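Encoded as structure tokens, the structure appears first; notes follow it.
The values are calculated or read from the model by the stated rules, or taken from the named source; none is laboratory data. The structure presented is a predicted model; accordingly, all values stated were derived computationally and were not measured. When we count neighbours, we look across all protein chains shown, and the Cβ atoms used for this are built from the backbone with ideal geometry, even at glycine.
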Amino acid sequence: MTIKEPLFENPFVGYAYSYPHKQAYRPFESAIPLKALWQDEPTENLFLYVHVPFCEMRCGFCNLFTVANPKGNVEEQYIHALKTQATIVKEEIGPSQFARLAVGGGTPTFLELPLLEQLFSIIQHNMETNTRDVPFSFEMSPKTITPEKLNFLYQNGVDRVSIGIQSFVENEQKTLGRPQKNKEVFDALAMIRAVDFKTLNLDLIYGAYGQNADSWLFSLQSAMAYKPEEIFIYPLYTRPLTGIEKMAKNEIDNRFHLYLLAKEYLTSQGYEQISMRMFRLKSIDKTADNLQYCCQEDGMLGLGAGARSYTKYVHYSSEYAVGSKNVKSIIQNYIAKTSVDYAVADYGIKLNDDERKRRYLIKSILQVAGLDKRQYQAFFKSDVLADYPQLIQLIESGLCFIENDTYIRLTSEGIDLSDAIGPWLYSDEIVAKMQDFDLK
């Protein structure tokens with residue numbers, strides 16, 4: 001069997017946004033103290049991620065760790081637990097600096113302004129981070145933003161806002177299990193553009209039931225009216241336990257055609273492709289970007305239920321679920337934790353050298369910028385082509401090339417097949433763990 005057969009058979013195998021996948025995580029045999037876990041880690045250029053697992057509705061396509069419209073005072077309890085966790089984690093990992101910040105979910109702007117203020121106090125005081133000094137991304141939805149919230153975010157250093165629109169066609173929004181009116185979408189985007197955020201990112205989805213080239217192009221053109229600095233386009237995946245799993249599906253999978261249409265249109269509108277999903281305006285000023293953080297080499301610290309943390313040899317988090325009942329249970333367990341519980345990692349995966357190298361490879365090669373052979377050599381003391389002969393197969397198949405004997409990059413066609421190439425590079429051990437995962 002040649003490499004081209006599995007790749008061209010199905011270009012949509014899976015989204016390799018992180019490696020190893022969270023479905024490869026398991027309970028550790030014994031909990032690992034955070035102090036021991038981080039003592040030999042460089043902590044001067046970390047990524048701080050905070051997870052807020054609440055939304056105003058659960059979209060039909062969503063398999064993220066979140067719950068819709070929590071009852072009682074769960075949000076208040078969660079923020080209190082987050083403050084406790086942040087205090088303990090900061091003590092355990094010792095002196096640290098963050099080169100990038102992000103708050104995601106869920107929908108963080110689901111929180112009312114007083115809780116947002118407490119959230120920022122945790123980041124600024126408990127984590128000792130000046131949110132105005134580093135790139136700071138914040139996720140939101142049309143239903144949950146107000147001018148007051150947006151101004152608060154801006155005044156406290158948020159410079160990138162990301163909003164999920166998914167489609168500007170209301171019928172497609174319904175088939176995605178996201179019933180929203182275009183008026184509230186337009187009002188939300190106008191509110192955002194009234195604030196001087198450096199970057200607006202819009203998320204769109206292609207492959208919705210009934211979507212065709214004309215309706216997809218309409219959504220892309222509608223997005224252009226707001227001149228977003230970034231656009232992420234996501235192929236629709238029907239995942240277990242999600243709302244659209246039992247809904248009507250297109251008889252013919254037109255996702256690849258729609259992807260190519262978007263790629264052609266966005267590049268014609270002055271965007272450059274960064275990865276299969278990400279397009280960025282060529283004209284934006286990148287000189288002020290903080291380039292200290294490198295996701296392949298630097299660590300990540302996650303706070304909150306559902307957030308993942310990465311050290312060189314251990315990735316850890318809370319447990320993962322999709323079903324509402326199980327997500328609620330994990331959130332309650334998080335809220336009930338003691339200070340002693342927050343000082344250890346008890347669920348995740350330990351990475352051997354091969355998995356560390358694969359992670360570096362996957363995180364690099366699926367970006368248009370590609371992988372720097374010299375950087376890989378310096379980091380791992382080995383040659384990436386010798387470590388992973390699959391790259392030679394990609395090159396021979398015309399999906400990859402080497403530039404100036406330094407950069408290994410996917411061709412344009414290779415980038416188009418990222419959702420096949422990424423999973424193809426997973427180790428057999430990780431694939432087996434993912435297949436054996438009991439999703440609840």
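Please give the strands (runs of 3 or more DSSP E) falling wholly within the stretch 328-426 in which 2 or more residues are outside the structural domain of LYS90 (by TED's automatic domain parsing), out of contact with any helix residue (DSSP H, G or I) (no Cβ under 8 Å at 6 or more places or on another chain) and within 30 Å of LEU303 (Cα to Cα).
So the answer is 344-350.
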Check ASP354, ASP341 and return the single one that is in contact (Cβ under 8 Å) with a residue 60 or more places away in the chain and out of contact with any Cys (no Cβ under 7 Å at 6 or more places or on another chain). ASP354
So, VAL169, is that one among the β-branched types (Val, Ile, Thr), under 23 Å from PHE138 (Cα atoms), touching a helix residue (DSSP H, G or I) at 6+ places or on another chain (Cβ under 8 Å) and touching a residue at least 40 places away in the same chain (Cβ under 8 Å) or not? no
Testing HIS51 on (1) buried (at least 20 other Cβ atoms within 10 Å of the Cβ); (2) modelled with pLDDT under 90; (3) not polar (S, T, N, Q), one condition comes back false. Which one is that? (2)
Scanning the stretch 102-124 for residues that are in contact with a strand residue (DSSP E or B) (Cβ under 8 Å, 6 or more places away or on another chain) and closer than 20 Å to ILE145 by Cα gives ALA102, VAL103, GLY104, GLY105, GLY106, THR107, PRO108, THR109, PHE110, LEU111, LEU119
In the stretch 67-78, anything in a helix (DSSP H, G or I) and either under 16 Å from SER318 (Cα atoms) or not aliphatic (A, V, I, L, M) (or both) is listed as GLU75, GLU76, GLN77, TYR78
Give me the helices (runs of 4 or more DSSP H) completely within the stretch 145-226, filtered to those with at least 1 residues that are over 23 Å from LEU260 (Cβ atoms), ordered by residue number. 147-155, 170-175, 182-193
Would you check if ASP289 is more than 24 Å from LEU410 (Cα to Cα) and either within 17 Å of the chain's Cα centre (by Cα) or at pLDDT below 95 (or both)? yes
Here is a list: GLY60, GLY94. Which entry is touching a residue at least 40 places away in the same chain (Cβ under 8 Å), in contact with a helix residue (DSSP H, G or I) (Cβ under 8 Å, 6 or more places away or on another chain) and more than 27 Å from PRO235 (Cα to Cα)? GLY94
Index of the failed condition, SER283 passing every other in (1) exposed (fewer than 15 other Cβ atoms within 10 Å of the Cβ); (2) modelled with pLDDT of 95 or more; (3) closer than 30 Å to TYR226 by Cα: (2)
